[in-house]
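**Q** The structure that follows is given in the form of structure tokens.
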Amino acid sequence: MMLTLLNAKTLAERFRSAFIVDERWLLYLNGLKNTLIIALLAVVIGILLGFLIAAVVYTKKKTGKLKILSFVCNIYVTIIRGTPVVLQLFIMYFIVLATMKNGILVGGITFGLNSAAYVSEIARAGLESIDEGQMEAGRSLGLSYSKTMLKIILPQALRNIIPALFNEFITLVKETSVAGYVGILELGKVPGLIQSRTFDYLFPLLIASVMYLVVVYLLTLVEKVIEKILAKSDRSAGNVKITGGRKKCKKKAQKSLS
Amino acid sequence: MQEKSTKEPLIKTVGLKKSFGELCVLDGVSVDIFEGEKVVVIGPSGSGKSTFLRCLNRLETPTDGAIYFEGNELTPTTDLEEYRKKMGMVFQHFNLFPHLTVLKNITLAAVEARLHEKKKKKLKISKRQIKAEEKARAMKLLTRIGLQDKADAYPSTLSGGQKQRIAIVRALAVGPKVMLFDEPTSALDPEMVGEVLSLMKELADEGMTMIVVTHEMRFAREVATRVLFMDAGKIVADGPPESIFGAPKDERLKSFLAKVL
Ligand SMILES: Nc1ncnc2c1ncn2[C@@H]1O[C@H](COP(=O)(O)OP(=O)(O)OP(=O)(O)O)[C@@H](O)[C@H]1O
Ligand SMILES: [Mg+2]
């Protein structure tokens, strides 16, 4: 067994059938493309909805307004964070969005709704990192609450959490691999697809893993560059940087705030 | 001096109260402030000076009492945004917007205010024109304080004195009728206090109505037309600086002055 596994000729043959034959490499590329589309769609939805949730919760905390809406937001975040994303995907794919034909869209929406719960925590920490004097200065100049939020608080908060948001995108690239469970053709689904034709899992799994690794590594490099640019143009003294996504974010944000 | 009483006060408070939970911070403040007056508010720490200013421009909602501005009482339906445009506020810690250039700091609110007006009154003027006009006005203000070359700089590159002078100019850009200052020099290094005080003095000389909370007693003596001494949420003494500093009658005022002078 070991011998056949290491046999160079058969190995080359197995690689060929996993990657070259029938232009199977196109399947990987297509899977990767779909993975990136889903992750991108998800992160955009996640940021928009996440910031909206954060703004509502923050407003409730600061002004006592939006009580009901804030309550709804808290329930939403609790449910999303308290249930596995795979089940959320099943619920969306087979029930809520069952009529939607485009699986990639369903995936993007599902992961976006999921990501929003996590982004909202990051965004809230970002909003809370902004000095109270900023809101007061804005209001004292006759700007409305929403204008002050939009022009003064949000831009500064966003800037503080860009690294954390990018991290969320990286997490999403990997996490969307569960979309294969409902038949969405993303990169994580491709090895199974090819195995069903070649009856060989080894190279399909290896190739897909390497592709994830390379993409994530490249994105990490981009993140480093962004962080460097932000640090260089750090114009506001005493800026709080909020890093980490998912589980890490809350603890870290709290630490940097105290 | 005599004619004052026949004029309507610019700001009038009647029995103004503010509590934070159990803590009563303002305990019935009634005062008339007339156009052109330079009122300096002094008093021990925690006596409610900041809270008084913050109630005046409604950063804080009073628990009880009334505020009149130009004769009109502030009610729950008062447009607070419009109201605050008539009342500039300068903070101890400047509160400049760190993500915006000096110029943007100054023009932001003024541009928003005019865009709002344009929409409300359906004015013809273009957004671009408004921006250009406000930029020109801001540059004039900056030139006046000798910081025109800082227009494109970010606040973090400025000294404390420069920051506070820009904060003053930012408040002026909206066109207020009265300026509120809450310890504008307390966060400054001693060598920068002078430049901020002299800008405030200039404003005073131009006739701006000012309410200034400060521990700078020399400024109070030189610039104030009227001094309010607050203690435990009440105005305990109210008069021209000569009588407040020269012949204080109230015991609490005497002991306060003994400490700070
Ligand atoms: N938002 C708030 N919540 C609770 N208590 C407050 C709040 N703002 C002010 N206080 C309390 O009200 C009291 C008066 O505060 P205020 O800032 O008006 O005093 P001050 O005269 O300006 O004092 P200082 O000279 O130290 O600035 C203080 O005891 C303060 O702790
Ligand atoms: Mg104070």
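The values are calculated or read from the model by the stated rules, or taken from the named source; none is laboratory data. No experiment lies behind these values; they were computed from the predicted model shown. Backbone-built Cβ (ideal geometry, glycine too); neighbour counts: all protein chains shown. For the accessible areas, the whole protein counts, side chains as well, though only heavy atoms, and no ligand, DNA or RNA atoms are used. Shrake-Rupley method; radii C 1.70, N 1.55, O 1.52, S 1.80 Å.
**Q** Out of everything in the stretch B:205-218 that is open to solvent by less than 10 Å² (accessible area, probe 1.4 Å) and not polar (S, T, N, Q), what residue ends up being nearest to ligand 1 (Cβ to nearest atom)?
**A** So the residue we want is B:V213.
**Q** To continue, here is another question. Does any residue of the stretch A:158-176 turn out to be within 14 Å of another protein chain (Cβ to nearest Cβ), aliphatic (A, V, I, L, M) and within 20 Å of A:V56 (Cβ to Cβ)? Full working, then the answer.
**A** Step one: list which residues in the stretch A:158-176 are within 14 Å of another protein chain (Cβ to nearest Cβ), which gives A:158-162.
Filter once more, so that each one left must be aliphatic (A, V, I, L, M): A:158, A:161-162.
With within 20 Å of A:V56 (Cβ to Cβ) added as a condition, the list becomes A:158, A:161.
Taking every residue of the stretch A:158-176 in turn, at least one turns out to be within 14 Å of another protein chain (Cβ to nearest Cβ), aliphatic (A, V, I, L, M) and within 20 Å of A:V56 (Cβ to Cβ).
**Q** Also: If I filter the stretch B:86-98 down to residues being crowded, with 20+ Cβ neighbours inside 10 Å and within 7 Å of another protein chain (Cβ to nearest Cβ), which single residue comes out as farthest from B:R58 (Cα to Cα)? Spell out how you get there, then give the answer.
**A** Step one: list which residues in the stretch B:86-98 are crowded, with 20+ Cβ neighbours inside 10 Å, which gives B:87-91, B:94-98.
With within 7 Å of another protein chain (Cβ to nearest Cβ) added as a condition, the list becomes B:89, B:91, B:95, B:97-98.
Values: B:M89: 11, B:F91: 15, B:N95: 17, B:F97: 21, B:P98: 24 Å.
Residue satisfying both the conditions and the ranking: B:P98.
**Q** Quick check on this structure: which one of B:A109, B:A132, B:A113, B:A66 is more than 16 Å from ligand 2 (Cβ to nearest atom), in a helix (DSSP H, G or I) and more than 14 Å from every other protein chain (Cβ to nearest Cβ)?
**A** Numbers: B:A109 fails: more than 14 Å from every other protein chain (Cβ to nearest Cβ); B:A113 fails: more than 14 Å from every other protein chain (Cβ to nearest Cβ); B:A66 fails: in a helix (DSSP H, G or I).
Going through B:A109, B:A132, B:A113, B:A66 in turn, just one is more than 16 Å from ligand 2 (Cβ to nearest atom), in a helix (DSSP H, G or I) and more than 14 Å from every other protein chain (Cβ to nearest Cβ): B:A132.
**Q** Give just the number: which of (1) more than 14 Å from chain A (Cβ to nearest Cβ); (2) open to solvent by 30 Å² or more (accessible area, probe 1.4 Å); (3) modelled with pLDDT of 95 or more does B:V193 not satisfy?
**A** So B:V193 meets the others, but not (2).
**Q** Restricting attention to the stretch B:165-184, which residues are under 16 Å from B:A224 (Cα atoms) and either within 16 Å of ligand 2 (Cβ to nearest atom) or open to solvent by 20 Å² or more (accessible area, probe 1.4 Å) (or both)?
**A** Hits for the stretch B:165-184 are B:L180, B:F181, B:D182, B:E183, B:P184.
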